[in-house]
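*Asks:* The structure follows.
The values are calculated or read from the model by the stated rules, or taken from the named source; none is laboratory data. Keep in mind that what you see is a predicted model, and the values were worked out from it rather than measured. Quick reminder, even Gly has a Cβ in these numbers, built from the backbone with ideal geometry, and neighbours come from all protein chains shown.
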Amino acid sequence: MYTEILSRFDKPWLPILALFIFGICFTAYTYWTFKKSNKPVYDSVSMMPLEDGVKHE
Amino acid sequence: MSAQSTTPSSGVGRLEKFSYDDQIVRMFVIATIIWGAVALLLGVTIAFELASWKVNMGLQWITFGRLRPLHTNAAIFAFCGNAIFAGVYYSHQRLLKARLFSDALSRIHFWGWQLIIVSAALTLPFGFTTGKEYAELEWPIDIAITVIWVVFAVNFFGTIFRRRERHIYVAIWFYIATIITVAVLHIVNSLEIPVSLFKSYSLYAGVQDALVQWWYGHNAVAFFLTTPFLGLMYYFVPKAANRPVYSYRLSVIHFWSLVFIYIWAGPHHLLYTTLPEWAQTLGMAFSIALWAPSWGGMINGLMTLRGVWDKVRSEPVLKFMAMSLTFYGMSTFEGPLLSIKSVNAIAHFTDWIPGHVHSGTIGWNYMFISGMLFFLVPKLWNTKLFSKALATAQFWTATIGLVLYIISMWVAGITQSLMWRAIDANGKLVYPNFIETVVKIVPMYWVRAFGGTLVLVSFVLMMYNLFKTMKQGSIGSVEVYEAYSLNESSIEKNATPHRSLEGLPMIFAVLAFLAILVGSAIEIVPSLLSTNYITKLDVVKPYTPLELLGRDIYVREGCYLCHSQTIRPMVHEVLRYGKHSEAAEFVYDHPFQWGSKRTGPDLARVGGKYPNMWHYRHMINPRDVTPQSIMPIYKWLVEQKIDYASLPSKLSAMKALAVPYTDEQIKNGIELAQVQAKEITTDLMNQGVPAAVEDKELVALISYLQRLGKDYGSFKTNN
């Protein structure tokens, strides 16, 4: 089945390249996001929906 | 009120006063409620039409084929669309601490969108349709949608540039992905050649049209019914629970993974068709991969409620949002499951699919919108919710109705599929007569209609509850807020690349665009450019002028919503319908008419299967030739005249789309059509039909139906 699928597609490197790009991006943003030093920042920004802004009295 | 700066201050920017534009949110809220009722009423109407053909009352404007597109457009673009705009405009301003970019653009957006919806309501029942599911609106409305979407985008991004918060919260990322992707999907799928003010032909044909259409169709679900609602979820669930999202870092992973993977999944709508195998496999693989980000988001939403589960019992907002997330989890589990080829072989073309779709649109979208409206209306009208008891009654009515809907469609779908596939020891179909499989599931259609009615009743309860809430409240005076303007001091020092990106909206938007472009380009471009998998068949000829007119009637009546035109390479399908379909058969089909549901049998090779007289009697009263048929009568086809005058422009448009009509054929198109109509009429007259039928639409439709599959191998030649 795989032979047939690949034989009918003349650019098999395309989805492999896409997977490769996704893998690199996924690794990068997962690393940056879960980097220990970012925790306080993300904890802080996660509070944003709870603040409507300061009302002017 | 525009922003005023009052207190210059070095280092932290200037302290500015501003107000939010909540009036536009109120307008979209009211539109959501009105159009939601319309969408559900239409849904219940067509559910009863499927249970009993008599509900149609012989009126052409309310047949299933014409109302179903109106129902889906009303549910997706009118109901969910207005709800998205209400929620986005409310949360966007507060997350950015800025008033919307332009009050004028907001009003143009609102009235333009309502005008588009009214245009849909005024065209679809009259049969003005492109014949492409979820993209049925004709070209002038398509242009209007593009213009209004650009207005929305300018207003949205303009607000970002005026923001007083450096960080762009994750909800806004989902909104950005929605705006960009919907624009790309709509423009690419709507490319068409206009023939007249209300008629056009798709730029693509056959298998390529199918791929583009389902790339659009699936991603309309992804980027209109999912990503904006996930954005709203990341704002309103924490807001309602009064606690931050469970894991903001998970939401980052959720966003990029979902946006990248979702766009690839479209081909799972075309498994076992003539779409190239590699594209089908890619679609299936990425659909299964979608389990991870979908459930990541669902878990993130539900876990946000930890510690407040006691409030879920008593607070309508949380109750509806918890249920919506639960249904989101269930439908995003079922979706990838249905994408697995062996499961899809059973479920595709059956009622299982509408069951799955409604677990998403009612369970996820309607439930979430209910929760959001119960949050917004008391806030915007400065009051409390009129009745929590009524909201609880709505919740249970909707839930029971939806469960009845889903279970009845599971039962109907699996029953019908097993009956289609049943083959006896001699290699013959156990149920060769398609109507046997229809009659068996009609009781489930009644259950579905009853379940849908309960959902409609629940909506009416919500309407009453919300309007009473509005009535007891008041808009009140405009509240003024203050915040510091942004300057360089708000830029985070030594931030990691992704942290920096979170404050750069345009670069962020470009990257989101690239994420959806990768999958789109790899799946679609090779299919559009490559012709090596379509072996040209000389025997496949363009439709004759009369057949082309008949095809337009087929499209107008929405026949593709109940009848497919593609035979899968499966034993039971070949036994029932004839030789399996080949890509080369559809090269002149602008648009393709493969359909996605078999309420009636496949018609790909119906040409020559029955005599002309059979079709004549079938359209006037289907029960004359197929007792117990649930198809409505189409008596107006013997009353309305064939639109011969449109032929030259239609043939010319087709020629512009590379259909090989000669100048001679275009010039003599009307005469050629009339000659063919005469031949069919003579045959009918020999069996007692009056001569007056010669210039009636039914003759054109018969000519088209009798052509289907004949070039490559009609039912008769294969059986």
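*Asks:* Only one of B:75, B:121, B:98 is assigned to a loop (DSSP other than H, G, I, E, B) and among the hydrophobic types (A, V, I, L, M, F, W, C); which?
*Replies:* B:98
*Asks:* In this structure, is residue B:549 surrounded by 23 or more Cβ atoms within 10 Å (Cβ to Cβ) and in a helix (DSSP H, G or I)?
*Replies:* yes
*Asks:* Something else about it: Taking segment A:14-23, which residues are within 7 Å of chain B (Cβ to nearest Cβ) and either surrounded by fewer than 18 Cβ atoms within 10 Å (Cβ to Cβ) or in contact with a His (Cβ under 8 Å, 6 or more places away or on another chain) (or both)?
*Replies:* Scanning segment A:14-23 gives a single hit, A:21.
*Asks:* One residue is enough: does segment B:267-280 have a residue meeting the conditions at pLDDT 95 or above, of a type in the set (Ser, Thr, Tyr) and in contact with a Phe, Trp or Tyr (Cβ under 7 Å, 6 or more places away or on another chain)?
*Replies:* No.
*Asks:* Taking residue B:584, is it of a type outside the set (Ser, Thr, Tyr) and surrounded by fewer than 21 Cβ atoms within 10 Å (Cβ to Cβ)?
*Replies:* Criteria met by residue B:584.
*Asks:* Further question on the same structure: Taking residue B:66 as meeting all but one of (1) at pLDDT below 95; (2) buried (at least 22 other Cβ atoms within 10 Å of the Cβ), write down the number of the exception.
*Replies:* (1)
*Asks:* Return a yes/no flag: does segment B:293-307 have any residue that is more than 11 Å from every other protein chain (Cβ to nearest Cβ), surrounded by fewer than 21 Cβ atoms within 10 Å (Cβ to Cβ), touching a residue at least 12 places away in the same chain (Cβ under 8 Å) and of a type in the set (Lys, Arg).
*Replies:* Looking through segment B:293-307, at least one residue is more than 11 Å from every other protein chain (Cβ to nearest Cβ), surrounded by fewer than 21 Cβ atoms within 10 Å (Cβ to Cβ), touching a residue at least 12 places away in the same chain (Cβ under 8 Å) and of a type in the set (Lys, Arg).
*Asks:* Between B:108, B:84, B:143, which is in contact with a Leu (Cβ under 9 Å, 6 or more places away or on another chain) and assigned to a helix (DSSP H, G or I)?
*Replies:* Among B:108, B:84, B:143, only B:84 is in contact with a Leu (Cβ under 9 Å, 6 or more places away or on another chain) and assigned to a helix (DSSP H, G or I).
*Asks:* Would you mind stating whether residue B:451 is in a loop (DSSP other than H, G, I, E, B) and assigned by TED's automatic domain parsing to the domain that holds residue B:355?
*Replies:* Criteria not met by residue B:451.
*Asks:* Okay, next question. Please state which one of B:188, B:182 is surrounded by fewer than 20 Cβ atoms within 10 Å (Cβ to Cβ) and in a helix (DSSP H, G or I).
*Replies:* B:188
*Asks:* On to the next question. Against the condition out of contact with any helix residue (DSSP H, G or I) (no Cβ under 7 Å at 6 or more places or on another chain) and of a type in the set (S, T, N, Q), how does residue B:324 come out, does it pass?
*Replies:* no
*Asks:* Is it true that residue B:139 is at pLDDT 95 or above, out of contact with any Pro (no Cβ under 9 Å at 6 or more places or on another chain) and not charged (D, E, K, R)?
*Replies:* Criteria not met by residue B:139.
*Asks:* Another question, then. Restricting the search to segment B:230-246, which residues are within 9 Å of another protein chain (Cβ to nearest Cβ) and either assigned to a helix (DSSP H, G or I) or touching a strand residue (DSSP E or B) at 6+ places or on another chain (Cβ under 9 Å) (or both)?
*Replies:* Those that are within 9 Å of another protein chain (Cβ to nearest Cβ) and either assigned to a helix (DSSP H, G or I) or touching a strand residue (DSSP E or B) at 6+ places or on another chain (Cβ under 9 Å) (or both): B:234, B:235, B:236, B:237, B:238, B:239.
*Asks:* Turning to a different aspect of this structure: What number of residues within segment A:24-57 are more than 7 Å from every other protein chain (Cβ to nearest Cβ), part of a loop (DSSP other than H, G, I, E, B) and more than 18 Å from residue B:164 (Cβ to Cβ)?
*Replies:* Total meeting the criteria: 1.
*Asks:* Right, next: I need a count of the residues in segment B:90-112 that are within 14 Å of chain A (Cβ to nearest Cβ) and aromatic (Phe, Trp, Tyr).
*Replies:* Matching residues across segment B:90-112 total 1.
*Asks:* How about segment B:106-139: which of its residues are touching a residue at least 40 places away in the same chain (Cβ under 8 Å) and over 19 Å from the mean Cα position of the chain (by Cα)?
*Replies:* Residues satisfying the conditions are B:106, B:107, B:108, B:109, B:110, B:126.
*Asks:* May I pose another question? If you check residue B:654 against the conditions, is it touching a strand residue (DSSP E or B) at 6+ places or on another chain (Cβ under 8 Å), assigned by TED's automatic domain parsing to the domain that holds residue B:671 and outside any loop (DSSP other than H, G, I, E, B)?
*Replies:* yes
*Asks:* Which of (1) closer than 30 Å to residue B:161 by Cβ; (2) in contact with an Asp or Glu (Cβ under 6 Å, 6 or more places away or on another chain) does residue B:496 not meet, given it meets every other one?
*Replies:* Looking at each condition in turn, residue B:496 falls short on (2).
*Asks:* Next question, about the same structure. Which of the residues spanning segment B:256-267 are within 9 Å of chain A (Cβ to nearest Cβ) and assigned to a helix (DSSP H, G or I)?
*Replies:* If the condition is that a residue be within 9 Å of chain A (Cβ to nearest Cβ) and assigned to a helix (DSSP H, G or I), then B:256, B:257, B:260, B:261 are the ones that fit.
*Asks:* Could you say whether any residue in segment B:427-441 is surrounded by fewer than 16 Cβ atoms within 10 Å (Cβ to Cβ), modelled with pLDDT of 90 or more, assigned to a loop (DSSP other than H, G, I, E, B) and hydrophobic (A, V, I, L, M, F, W, C)?
*Replies:* Yes, segment B:427-441 contains at least one residue that is surrounded by fewer than 16 Cβ atoms within 10 Å (Cβ to Cβ), modelled with pLDDT of 90 or more, assigned to a loop (DSSP other than H, G, I, E, B) and hydrophobic (A, V, I, L, M, F, W, C).
*Asks:* For segment B:283-376, please list each of the helices (runs of 4 or more DSSP H) lying entirely inside it that holds at least 3 residues being among the charged types (D, E, K, R).
*Replies:* Hits in segment B:283-376: B:309-314.
*Asks:* Out of the residues in segment B:478-513 meeting the condition of being part of a loop (DSSP other than H, G, I, E, B), within 12 Å of chain A (Cβ to nearest Cβ) and modelled with pLDDT of 80 or more, tell me which one is farthest from residue B:389 (Cα to Cα).
*Replies:* Filtering first and then ranking leaves B:480.
*Asks:* What about residue B:249, is it within 14 Å of another protein chain (Cβ to nearest Cβ), surrounded by fewer than 24 Cβ atoms within 10 Å (Cβ to Cβ) and touching a Gly at 6+ places or on another chain (Cβ under 8 Å)?
*Replies:* no
*Asks:* Which condition breaks for residue B:604 when tested against (1) assigned to a helix (DSSP H, G or I); (2) at pLDDT 95 or above; (3) of a type in the set (A, V, I, L, M, F, W, C); (4) within 28 Å of the chain's Cα centre (by Cα)?
*Replies:* (1)
*Asks:* Out of (1) away from chain A (no Cβ under 13 Å); (2) in a helix (DSSP H, G or I), what's the single condition that is false for residue B:272?
*Replies:* So residue B:272 meets the others, but not (2).
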